[in-house]
Amino acid sequence: MTFQPVARPKVERGPVQRALLALLSDQPRHGYELRHLFEATLASHWELNSGQIYSSLERLARDGLVVEASIEKAGGPDRRLWAITDQGRAELLSWFRSAVPRDYRLRDELYVKLMLAIATRVEEPQEVVQVQRRELFRELHQHTAARNRCDPRGELPRILLLDSAIMHTEAELRWLDMVESRLQLLTQRPAPPLQPRPRGRPKKAAGDQPTAFSPATRRIEQSDGETG
């Protein structure tokens with residue numbers, strides 16, 4: 001059964017809220033069940049606490065994507081059942097059918113550190129590269145060991161996640177190799193010239209006339225009053 005509340009404006013939301021919509025797509029569920037299903041689906045890689053679940057559900061309810069379907073009374077604390085709405089189902093399908101933008105870290109801290117090391121010589125760029133390489137090899141070893149401990153018959157989702165982490169780490173190591181091979185060219189690069197920027201407000205065109213409420217008009221009016 002699908003419930004339909006008053007429509008709300010669309011807003012940006014994170015993966016936890018999307019996941020809750022997906023887990024509600026087949027039937028209403030209460031918060032404890034949603035938390036268990038979330039962690040089981042992601043092979044216990046991503047754990048949530050009750051506060052995260054209920055704050056996400058309340059946000060979805062405010063946006064019209066879920067509703068409180070009923071309250072279960074089973075001898076213990078009351079448990080609220082949550083159900084997806086038609087609007088929530090439409091947004092869920094839109095999420096599944098759209099690509100996930102990847103963050104290519106164009107404002108990456110490591111890149112900033114390397115460029116500043118080259119520009120300021122506070123530390124040698126080669127040392128910055130070596131420190132980062134050691135950390136990446138440590139992470140690579142950690143991810144690889146975790147993957148090797150996985151059982152392919154029952155932990156395939158976790159293996160896929162670790163494969164992704166391993167490949168991203170290997171790619172960053174290759175990038176560091178490329179940076180290292182070009183350090184001499186980077187250090188010989190001339191410093192970029194400073195481009196002066198005009199200060200203050202832009203000058204008005206010759207044909208522009210001061211408006212009735214402009215500072216120029218007020219100065220003229222004050223001058224007229226003083227001479228009179």
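No value in this document is a laboratory result; all are computed from the given coordinates. Not measured: the values here are computed from a predicted model.
May I ask you to give the average projected area over all directions of the convex hull of the Cα atoms of segment 76-162, in nm² rounded to one decimal?
Averaged projected area of segment 76-162's Cα convex hull equals 12.2 nm².
What would the Debye equation give as log₁₀ I(q)/I(0) for segment 15-96 at q = 0.10, 0.19, 0.25, 0.26 Å⁻¹, counting only Cα atoms as equal point scatterers?
Values, matching the q order: -0.22, -0.79, -1.28, -1.36.
Could you let me know the centre-to-centre spacing of segment 21-55 and segment 78-95, using Cα atoms, in angstrom?
Distance between centres, Cα-based: 13 Å.
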